[in-house]
Amino acid sequence: MRRRDFVIVLLGSTLLATREGRTQQQRLLGFLSAGSADAYAPFIDAFRSALSDAGYTEGRNLAIEFRWAEGHYDRLSELTADLVRSQVEVIVASGGDVVIGAVKAATTAIPIVSLLVIELVPKRVEFVCELVPDAKVIAGLINPRNSNSGRNAAALQEGALAKGLQLHVVEAGDEKGLETAFANLPSLQAGALVVGADPFFNARRNQIVALAARYSVPAIYEWREFVEAGGLISYGPSLTGVYCQIGTYVARILGGEKPADLPVIQPTVFELAFNVKTAKTLGIAIPPMIVARADKVIE
């Protein structure tokens, strides 16, 4: 299971039926995310494209109701209730256990397509060790408001122990918390930082990258988009590819396939990316092995 970072699963086995008052050509889809619309814009484009390729186009035979918590997890219950009241036919739950839990608590009648997080944290710790071989202490950033936080902390500890490193876990659940967490890194003597997977962090990736630069800390992230924003290195599945898969999966449900019969889908594209300019600024020479393995090099 360590090889996979995400799998796409279907929760609930209700057969899809056309809602009263809506024709077969007018389908309504719900999309709930713990993140923000701006941060997820390129992934939503991929999602829409996959749906369109399958014959479902917004404004013609499909409408999508988007709800964004923007990192405020306390909003998820009401946002989910709003989607249920809208009588959507399928709900895409994006943001891990915290989003899935909110949707499952609100409905047992609407099929839920979700991303099941399976961490690659130990592998990211390995890459950090290759980048900063002299580091004896590392830090891991997690969001205590996310129900995945305990699992993320355990995965960080596993990776650190495997490499003989001391680990400090720092927490942040809002913008001020991020400032405090990074300000504490020098006193912890952390030689590198592993940023955990979290929708709030993804939504605040520009702030996180800027803080890493301010405190000159080498950091590894889950998504390539952090590296494109100026982060040092990332390793994880292609989000664009994942959301294409989700779109195709949802289209199969809308097309009449029985939810209970659909398989779990694994990501097919994993990306290792690094930023050359950021490495130079930090005085880090990218090891040849990472250069050879990299899928994306940002100059």
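Result for the chain in a Gaussian network model with C-alpha springs under 10 Å: among Pro111, Pro144, Pro288, the largest mean-square fluctuation is at Pro288.
Mind giving me the FRET efficiency for Ala183 and Ala162? R0 is 41 Å, r the Cβ-Cβ distance, nearest 0.05 is fine. Before the final figure, lay out each step's value.
On the way: r = 29 Å, r/R0 = 0.70.
Computed FRET efficiency for Ala183 and Ala162: 0.90.
Angle of helix 175-188 to the longest C-alpha principal axis of the chain, folded into 0 to 90 degrees and rounded to 10: 30°. One quarter of the surface of the convex hull around the alpha-carbon atoms of region 219-270 equals 4.1 nm², the direction-averaged projected area. Measuring only protein heavy atoms, the 1.4 Å probe finds Phe270 accessible over about 40 Å². Each 10 Å bin from zero holds the following percent of Cα-Cα pairs in region 78-124: 26, 49, 15, 9, 1.
Where the centroid of each part is defined by its Cα atoms, how far is region 201-235 from region 99-175 in Å? Answer, in whole Å: 15.
Amide H contacts of Glu271 (H built 1.01 Å from N, in plane; Pro and chain starts excluded): Gly236, Ser238 sit under 5 Å, all sequence-distant by 5 or more or on other chains. From the largest down, region 172-299 spans 56, 37, 20 angstrom on the principal axes of its Cα atoms.
Extending 7 Å from the Cα toward the beta-carbon at both Thr108 and Val269 defines two label points whose distance is 3.9 nm.
Axis of helix 121-131 versus longest Cα principal axis of the chain: the two differ by about 30°, to the nearest ten degrees.
Applying the Karplus relation 6.51 cos²θ - 1.76 cosθ + 1.60 with θ = phi - 60° to region 80-87 yields 3J(HN,Hα) values of 5, 4, 5, 5, 4, 5, 6, 6 Hz, where x marks Gly and Pro. Taking Cα atoms only, the orientation of helix 239-254 departs from the longest principal axis of the chain by about 20 degrees.
Full-extension gain between Ala37 and Ala294, please, as 0.36 nm times their residue separation minus the C-alpha to C-alpha distance.
Values: separation 257, 0.36 × 257 = 92.52 nm, distance 2.85 nm.
Length gained, Ala37 through Ala294: 89.7 nm.
For Ser147, the residues whose modelled amide H falls within less than 5 Å of its own, excluding neighbours fewer than 5 places apart on the same chain, are Val98.
Beyond 17 Å, what share of the Cα-Cα pairs of region 186-237 is found? Please give it as a whole percent. Counting every Cα pair in region 186-237, those more than 17 Å apart make up 26 percent. Convex hull volume per residue, computed on the Cα atoms of region 123-163, equals 63 Å³.
For the chain, what does -39500 (n - 2.57) per DSSP helix run (n ≥ 4), summed and divided by total residues, give at 222 nm, in deg cm²/dmol to the nearest 500? Walk me through the numbers on the way to the answer.
Values: 12 runs with 125 residues, N = 299.
Value at 222 nm, helices only, nearest 500: -12500 deg cm²/dmol.
Leaving out ligands, DNA and RNA, what percent of the accessible area of the chain is carbon and sulfur, probe 1.4 Å?
On the way: 6290 of 12570 Å².
Here it works out to 50 percent.
Annotated for the chain: lysine pairs at least 8 residues apart or interchain, Cα distance under 27 Å, count 13.
Using 1/(1 + (r/R0)^6) with R0 = 35 angstrom and r between the beta carbons of Arg75 and Asp261, what's the FRET efficiency to the nearest 0.05? Intermediate values should be presented prior to the final figure.
Details: r = 34 Å, r/R0 = 0.96.
Efficiency for this residue pair is about 0.55.
Pick out which of Val99, Val113, Val132 has the largest mean-square fluctuation in a Gaussian network model of the chain, springs linking Cα atoms closer than 10 Å. Of the options given, Val132 has the highest mean-square fluctuation.
Could you do me a favour and compute the accessible area per residue for region 102-237, 1.4 Å probe, result in Å²? Intermediate results must be reported in sequence, preceding the final value.
Values: 4900 Å² over 136 residues.
Counting only protein heavy atoms, the per-residue value for region 102-237 is 36 Å².
I want to verify a result. In a Gaussian network model of the chain, Cα cutoff 10 Å, which of these has the top mean-square fluctuation: Ala41, Ala102, Ala139? Its mean-square fluctuation being the largest, the pick is Ala41.
Remark: spin-label model distance Glu126-Asn61 equals 4.5 nm, labels positioned 7 Å along the Cα→Cβ axis. Extent of region 149-214 along its three principal axes (Cα atoms, max minus min coordinate, largest first): 31, 25, 15 Å.
Alpha-carbon geometry of region 34-86: the Rg and the Dmax are 12.8, 35 Å, given in that order.
Of all the C-alpha pairs in the chain, what % are more than 25 Å from each other? Mind dumping the intermediate values first?
Values: 21378 of 44551 pairs.
Here the long-distance tail beyond 25 Å is 48 percent of all Cα pairs in the chain.
The values are calculated or read from the model by the stated rules, or taken from the named source; none is laboratory data. Every value quoted in this text rests on a predicted model; they were computed, and no experiment measured them. Neighbour counts are summed over all protein chains in view; Cβ atoms, including those assigned to glycine, are modelled from backbone coordinates with ideal geometry. We work out accessible area using only protein heavy atoms, side chains counted, and drop any ligands, DNA or RNA first. Shrake-Rupley method; radii C 1.70, N 1.55, O 1.52, S 1.80 Å.
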